[in-house]
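The values are calculated or read from the model by the stated rules, or taken from the named source; none is laboratory data. Everything quoted here is computed from the prediction, not taken from an experiment. Please note: Cβ atoms are built from the backbone with ideal geometry, for glycine as well, and neighbour counts cover all protein chains shown. We work out accessible area using only protein heavy atoms, side chains counted, and drop any ligands, DNA or RNA first. Shrake-Rupley method; radii C 1.70, N 1.55, O 1.52, S 1.80 Å.
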Amino acid sequence: MKFENVLEEINGFGKFQIMIIGINFLSRFALPCHFMMSNFVAAVPAHHCDFRSYDDEGIFKNLSWEEKLLVSIPVQQDGTPSSCQMFVEPQYHLLLPRSPNVTETLTVPCRNGWVYDDTVFKSTITSEWDLVCDKRDKNKAAATIFFVGVMFGAVFFGSLSDRFGRRIMLLVSYISALIFAVASAFSTTYVMFAVLRFFTGFCITGIIIVSAVLSETICMLKSMVTFLKCFDVIIAILCIAYYVTDWRWLILSVSSPLILNIITWSHDVHPTPPSHRTPSLHLVPHQQRKCPHN
């Protein structure tokens with residue numbers, strides 16, 4: 001008799017199975033935010049060239065912020081300041097009521113960095129390392145690198161969980177994912193961040209694969225697992241990612257539930273079947289055992 005048939009015969013969805021679902025939900029609460037992380041940590045705030053180098057000029061330093069912006073940054077066709085260009089020198093004639101045409105005025109790429117609008121996002125990797133204009137491809141690459149790690153992790157953890165057991169591989173996934181995620185929050189360079197995000201995605205895949213198979217194996221409730229996959233996406237994104245506007249704190253916030261998973265799974269209270277091919281009644285809690293009817 002297969003293991004799933006044994007659970008069906010003994011009505012095997014009890015307190016033990018509810019506990020397994022609940023513990024797995026802790027980690028699955030954090031996972032969607034990591035998958036959607038790039039929408040927040042790599043968001044591109046409104047920005048323009050930093051023109052503070054002009055403050056040394058007597059007239060310029062006496063202007064208001066709006067006037068400084070007007071004489072320093074060219075305006076795009078939609079009426080917003082240019083994100084990647086600035087005037088070679090302040091254009092004071094633009095302050096006149098009827099300023100002449102400035103289409104021929106010389107502009108140059110931003111020479112002293114950028115100024116970012118922090119109204120929506122206090123800090124992102126974009127504003128941290130100036131991933132705009134000529135470096136905007138690096139911004140997009142951050143998400144790609146993470147999902148490349150997810151792809152390689154699926155191959156790695158899928159085979160090892162059958163070989164070494166799901167409990168040990170799930171614990172390894174929790175610990176390694178937490179380490180790499182926290183380390184990425186303290187990245188000092190873009191390259192360091194990209195490498196750590198790769199390994200974060202690599203290890204998070206182990207949590208997804210092993211916890212999903214574990215829940216379906218022990219609890220035999222595929223609909224419940226599917227429900228949790230959808231439910232945690234909505235809750236995690238709405239309750240955490242939207243309100244934490246600093247990218248470093250966001251990573252730390254969505255990774256913190258993994259600490260509870262490490263604590264719970266480090267204690268030998270979660271018997272896990274090595275595979276569907278080796279079912280055994282000793283995997284069922286004693287209070288739920290009863291002889292199946294013929």
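Report yes if some residue within region 67-77 is modelled with pLDDT under 80 and either touching a Pro at 6+ places or on another chain (Cβ under 9 Å) or not in a strand (DSSP E or B) (or both); otherwise report no. Let's see the steps before the verdict.
Step one: filter region 67-77 for residues modelled with pLDDT under 80, giving none.
No, because not a single residue in region 67-77 is modelled with pLDDT under 80 and either touching a Pro at 6+ places or on another chain (Cβ under 9 Å) or not in a strand (DSSP E or B) (or both).
Taking region 66-82, which residues are free of Cβ contacts under 8 Å to residues at least 24 places away in the same chain and more than 35 Å from the chain's Cα centre (by Cα)?
If the condition is that a residue be free of Cβ contacts under 8 Å to residues at least 24 places away in the same chain and more than 35 Å from the chain's Cα centre (by Cα), then GLU66, LYS68, SER72 are the ones that fit.
Sort through PHE164, PHE186, PHE152 and tell me the only one that's in the same structural domain as TYR242 (by the TED database), more than 24 Å from ASP50 (Cα to Cα), modelled with pLDDT under 85 and open to solvent by 80 Å² or more (accessible area, probe 1.4 Å).
On the way: PHE186 fails: modelled with pLDDT under 85; PHE152 fails: modelled with pLDDT under 85.
Only one candidate qualifies: PHE164.
If you scan region 131-149, which residues turn out to be closer than 22 Å to ALA181 by Cα and open to solvent by less than 80 Å² (accessible area, probe 1.4 Å)?
If the condition is that a residue be closer than 22 Å to ALA181 by Cα and open to solvent by less than 80 Å² (accessible area, probe 1.4 Å), then LEU131, ASN139, ALA141, ALA142, ALA143, ILE145, PHE146, VAL148, GLY149 are the ones that fit.
Determine, yes or no, whether ALA46 is of a type in the set (Gly, Ala, Ser) and at pLDDT 75 or above.
yes
Is it the case that region 170-184 has a residue that's of a type in the set (Ser, Thr, Tyr), assigned to a helix (DSSP H, G or I), touching a Cys at 6+ places or on another chain (Cβ under 6 Å) and closer than 12 Å to VAL210 by Cβ?
Yes: one or more hits.
Does any residue of region 87-100 turn out to be closer than 27 Å to ARG136 by Cα, open to solvent by 60 Å² or more (accessible area, probe 1.4 Å), at pLDDT below 80 and over 42 Å from the mean Cα position of the chain (by Cα)?
So far as region 87-100 goes, no, none of its residues is closer than 27 Å to ARG136 by Cα, open to solvent by 60 Å² or more (accessible area, probe 1.4 Å), at pLDDT below 80 and over 42 Å from the mean Cα position of the chain (by Cα).
Of the residues SER123, SER53, which single one is closer than 30 Å to PHE202 by Cα, of a type in the set (Ser, Thr, Tyr) and not assigned by the TED database to the domain that holds ALA185?
So the residue among SER123, SER53 that is closer than 30 Å to PHE202 by Cα, of a type in the set (Ser, Thr, Tyr) and not assigned by the TED database to the domain that holds ALA185 is SER123.
Is at least one residue of region 198-216 assigned by the TED database to the domain that holds PHE40, surrounded by fewer than 18 Cβ atoms within 10 Å (Cβ to Cβ) and modelled with pLDDT under 80?
Scanning region 198-216, I find at least one residue that is assigned by the TED database to the domain that holds PHE40, surrounded by fewer than 18 Cβ atoms within 10 Å (Cβ to Cβ) and modelled with pLDDT under 80, so the answer is yes.
Out of SER127, SER173, which single residue is small (Gly, Ala, Ser), out of contact with any Lys or Arg (no Cβ under 9 Å at 6 or more places or on another chain) and under 18 Å from ASN261 (Cα atoms)? Can you show your working first?
Values: SER127 fails: under 18 Å from ASN261 (Cα atoms).
Step by step, each of SER127, SER173 is checked, and only SER173 is small (Gly, Ala, Ser), out of contact with any Lys or Arg (no Cβ under 9 Å at 6 or more places or on another chain) and under 18 Å from ASN261 (Cα atoms).
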